[in-house]
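**Student:** Have a look at this one before I ask anything.
Please treat every number below as a calculation from the coordinates, not as lab data. Since the model is a prediction, treat every value here as computed from it, not as a measurement. Note: ideal-geometry Cβ built from the backbone for every residue, glycine included; neighbour counts use all protein chains shown.
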Amino acid sequence: MCATWPLTYWHQACTAKMGRDEMSVVNADLQVYGIDRLRIADASIMPDVPSGNTMAPCVVIGERATEIIRKAHGI
Ligand SMILES: Cc1cc2nc3c(=O)[nH]c(=O)nc-3n(C[C@H](O)[C@H](O)[C@H](O)COP(=O)(O)OP(=O)(O)OC[C@H]3O[C@@H](n4cnc5c(N)ncnc54)[C@H](O)[C@@H]3O)c2cc1C
């Protein structure tokens with residue numbers, strides 16, 4: 001569970017958080033620990049519920065995922 005409650009008003013997030021502790025689901029490259037060739041790129045990877053709206057950070061997560069995948073596959 002996140003340090004803060006994972007459900008805000010319309011901003012469900014943090015259920016597969018990025019990090020290094022025992023509750024983390026993905027690493028900094030969005031790869032799911034223990035499962036090869038699976039990444040997560042949505043609001044669930046936020047480590048904590050942001051104080052602002054979540055849509056814009058989700059766009060950034062998607063853009064970052066694109067960069068990571070392109071780099072990993074040389075495209
Ligand atoms: C009513 C409401 C109002 C909101 N208002 C705002 C706001 O004003 N400002 C703001 O910043 N944020 C707002 N949010 C929050 C914002 O919409 C979310 O944080 C954001 O959309 C989450 O993005 P996501 O990519 O994690 O998930 P989603 O946007 O939910 O995307 C998940 C996608 O996966 C698809 N999908 C699901 N299952 C499958 C499957 N099995 N196979 C293929 N595709 C699948 C879904 O169809 C969907 O397109 C609002 C949310 C709600 C519900």
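**Student:** By how many degrees, between 0 and 90 and to the nearest 10, does the Cα long axis of helix 55-72 differ from the longest principal axis of the chain?
**Tutor:** 20 degrees
**Student:** Further question on the same structure: I need two numbers for the chain: Rg to one decimal and Dmax as a whole number, Cα atoms only, in Å.
**Tutor:** Rg, Dmax (Cα atoms, Å): 12.5, 40.
**Student:** Express the relative contact order of the chain as a whole percentage, based on alpha carbon pairs under 8 Å and six or more residues apart in sequence. Write down the numbers at each step before the final one.
**Tutor:** Values: 106 pairs, mean separation 21.1, N = 75.
Relative contact order of the chain: 28 percent.
**Student:** Would you tally the net charge around Gln12, using a Cβ to Cβ cut-off of less than 15 Å, leaving Gln12 out, and scoring K and R as +1, D and E as -1?
**Tutor:** -1
**Student:** To continue, here is another question. Assigning unit charges at the beta carbon (Lys, Arg +1; Asp, Glu -1) and nothing else, what dipole magnitude in debye, to the nearest 20, does the chain show about its Cα centre?
**Tutor:** 180 debye
**Student:** Please give the length that would be gained between Arg64 and Thr15 if that part of the chain were fully extended, namely 0.36 nm times their separation in residues minus their C-alpha to C-alpha distance (nm, one decimal).
**Tutor:** Numbers: separation 49, 0.36 × 49 = 17.64 nm, distance 1.89 nm.
Taking 0.36 nm per residue and subtracting the Cα distance, the gain is 15.7 nm.
**Student:** Quick check on the stretch 23-64: take the gyration tensor over C-alpha atoms, sort the square-rooted eigenvalues as a ≥ b ≥ c, and tell me if it's rounded (a/c under 1.5), prolate or oblate. The partial results should precede the final answer.
**Tutor:** Working: a/c = 3.30, a/b = 1.69, b/c = 1.95.
Note, shape of the stretch 23-64 comes out oblate.
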